[in-house]
1. Determine ³J(HN,Hα), in whole Hz, for all residues of segment A:17-30 in sequence, where each value follows from phi through the Karplus function 6.51 cos²θ - 1.76 cosθ + 1.60 and θ = phi - 60°; x replaces Gly and Pro.
2. Just going by the charge dipole of chain B, with Lys and Arg at +1 and Asp and Glu at -1 on Cβ, which of B:Ala182, B:Ile415, B:Ile93 is farthest out on the positive end?
3. Between B:Phe79 and residues 5 or more places away or on another chain, which pairs have amide H atoms under 5 Å apart, with H built 1.01 Å from N, and which residues are they?
4. Tally the DSSP beta bridges in chain B and give the antiparallel ones as a percent, rounded to 5.
5. Going by average Cβ density within 10 Å per residue, which order do the peptides A:121-133, B:183-195 take, highest to lowest?
6. Reachable lysines from B:Lys43, Cα under 17 Å, same-chain residues fewer than 8 places away excluded?
7. Taking a Cβ-Cβ separation under 4.7 Å as the criterion for a possible partner, which cysteines of chain B have none?
8. Please give the length that would be gained between B:Lys30 and B:Lys2 if that part of the chain were fully extended, namely 0.36 nm times their separation in residues minus their C-alpha to C-alpha distance (nm, one decimal).
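Bear in mind that the values in this text are calculations on the coordinates, not laboratory data. Fair warning: this is a prediction, and the values are worked out from it, not measured in the lab. Neighbour counts run over all protein chains shown; Cβ positions are idealised from the backbone, glycine included.
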Amino acid sequence: MSNYEDFIMSFPLPKNSEKPQYELDPKKKSKKELIEEFSKFWELAGGKFILLKQKAMIPHTLSKLSIFKENSNVYIQSHLKFIIHNLPKQMKLKIYTDSDFYYPDEPQILQIAIVESQLGLSENGSIGIEMNTISYRSILFLTEHLILLLNKKNLYSQFESALSRWKNFIKNGGYLISGPSKTADIEQSLVIGAHGPKSCTAIIY
Amino acid sequence: MKHAKIASNFIRIPERVDWHNEALYYVRLKRDFAVKRNEDFEKLREIASQIKDYVLDNIRIYIEKFYKNAQKNGFIVHFAKNAQQHNEIIYQILKTKNINTIVKSKSMLTEECGLNSYLEEKGIEIIDTDLGERIIQLRKEPPSHIVLPAIHLKRKEVAETFSKYLSSDPDNSNPEYLTSVARKHLRKKFLEAQASITGVNFAIAETGGFVVCTNEGNADLGTSLTPVHIASMGVEKLIPEFKDLFIFLRLLAPSATGQAITSYTTIYQKPMLNQELHIIIVDNHRSEKLKSPRYKNSLKCIRCGACLNTCPVYRRSGGHSYRYTIPGPIGSILGPLFNKSEYYDLPFASTLCGSCSNVCPVKVNIHEQLLYLRSDLHKYKDYAPQFLFSLAYKFLSNSIYYNLFIKFIKFLYKIPLIKFFLKQHNRKLPELPKKTFREYYKENFHV
């Protein structure tokens, strides 16, 4: 095992050259164009996409999704109370929130997880989730179906235009998710649901 | 020529070669489609190339910066001069914590260091969780591609493997069924694991964080469940600033699979609650490569596999014929630089067509380096009989000898035994033109 000093000595002395400077042309797009571009890439990645006019429509929309079955175990982030209280009672869903799990393996019982995201990128159809916003990171990967909510004001055209949003990612880490878990390792045949969620739905409101 | 010899086994089944060739060319086409979608792609390649050059020129500064910031983040940072040290560090971490079950996501560095066999000898169960990696691990084979490790296998072979080791239906070779079998098997392993090992796609000096990209989510599943996460990285994974990550993310997935971005791009900035996160920074001959003006460029590689998918030799000879951890054009540079005596023949497994350099997202001059290596290595081993070159020189530099040689070749064409021999080796002689160029020129231009 090497200590830092021994290790570093093997490498050539730095040239102390200037770091290359670069700038990419900003891509200005209307909200409509952003949503269209995002949905195109998201669906290409195997994700499902729903656009809602209002946040209040989320509980009703969720209840209509085919993945919601009677007695499903559903995780909803604690602060999304308006969803918890407005899902139809007749579905007899078992609702779990952040305080219901004590160990990272416990979310393995979940069929559905509903998580609020912090940013979306239309240039590649990805959704960003800051790590500190979720009690157990494993929820995102153990659940059978993942539903990500995104406020359209947090949808950006490209990485650079979301600069202020990255501060928390730099501080706490985060995920960029684009569609469900997938693999093409057997004869290049695309199969959805390799390890993580078998479906991933983006709801933009 | 070891490569040619091993490749001859691979091409024995022409259908397999055709399928391998076409499957990889399809990935190459997906890459082309993704590239055309992004009007800035060439600009991004140039920026990425310059950033990598800059980091490699100032690597000491960035190792130090990353080291300090990673420690501030609460990561435990280790340094390994070579593969042995890398493996020992991991073993020590596991031993201290009494860990004997690990899940590992794809990491070419751990392949390079021979980690699996090292830990298995110590009695530790190490499970590769990437589907392709798990298939070849069960079959006790090395990966044949850096992004698609089991691309050399047909679905029926996977079905046989799963039937043997995972008790699945041997007659069902549907990829969806096979993936569901692997999912069930690996989910159990994830939940049992006491530690997870990942590679690193990019390490950001400015923030001390690092990024892991997967499509399956296997790295995330492992690291979000286990109390110990160990990330192994070569020094070449360093990038200076967080904003530089955007440049590389725009290049990696499109070049690898034609996707706009991988399904999961995870930025690790601090360990989870009650988790230890270790980072091992590895040299393993990289410092020597950095001192070589001709070859240090090869360390810019971001392991996208685009050069493999486009290479006509790789597509038709299969990854195992390269023997080195990283096959294909970039492996034909890295292999001999790592071990000359073992991989001296690899730079010759190329047509030097330059397609690899054209698709490389960080502009590694792959075909030029292969040519340099040919000249640097030709004295090292008798890679081709020297007398053949002397003979060729004699015939090509003297018109009388040359004409005699042409006549001799025409004579050889008439011997049926030669045609028969070549047919046995799946070779076919090209049709000879009726006239030589010289004869044609004389007739048509009245010289």
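1. These are the phi-based 3J(HN,Hα) values: 7, 7, 5, x, 9, 8, 8, 9, 5, x, 9, 8, 9, 6 Hz.
2. Toward the positive end, the furthest listed residue is B:Ile415.
3. For B:Phe79, the qualifying residues are A:Ser2, B:Ile281.
4. Working: 8 of 33 bridges.
Around 25 percent antiparallel, to the nearest 5.
5. Details: A:121-133: 23.2, B:183-195: 18.2.
Per-residue Cβ counts within 10 Å, averaged per peptide and sorted highest first, yield A:121-133, B:183-195.
6. A:Lys19, A:Lys27, B:Lys52, B:Lys243, B:Lys300, B:Lys363
7. B:Cys113, B:Cys213, B:Cys301, B:Cys304, B:Cys311, B:Cys353, B:Cys360, each lacking another Cys Cβ under 4.7 Å.
8. Numbers: separation 28, 0.36 × 28 = 10.08 nm, distance 3.18 nm.
Stretched fully, the B:Lys30-B:Lys2 segment lengthens by 6.9 nm.
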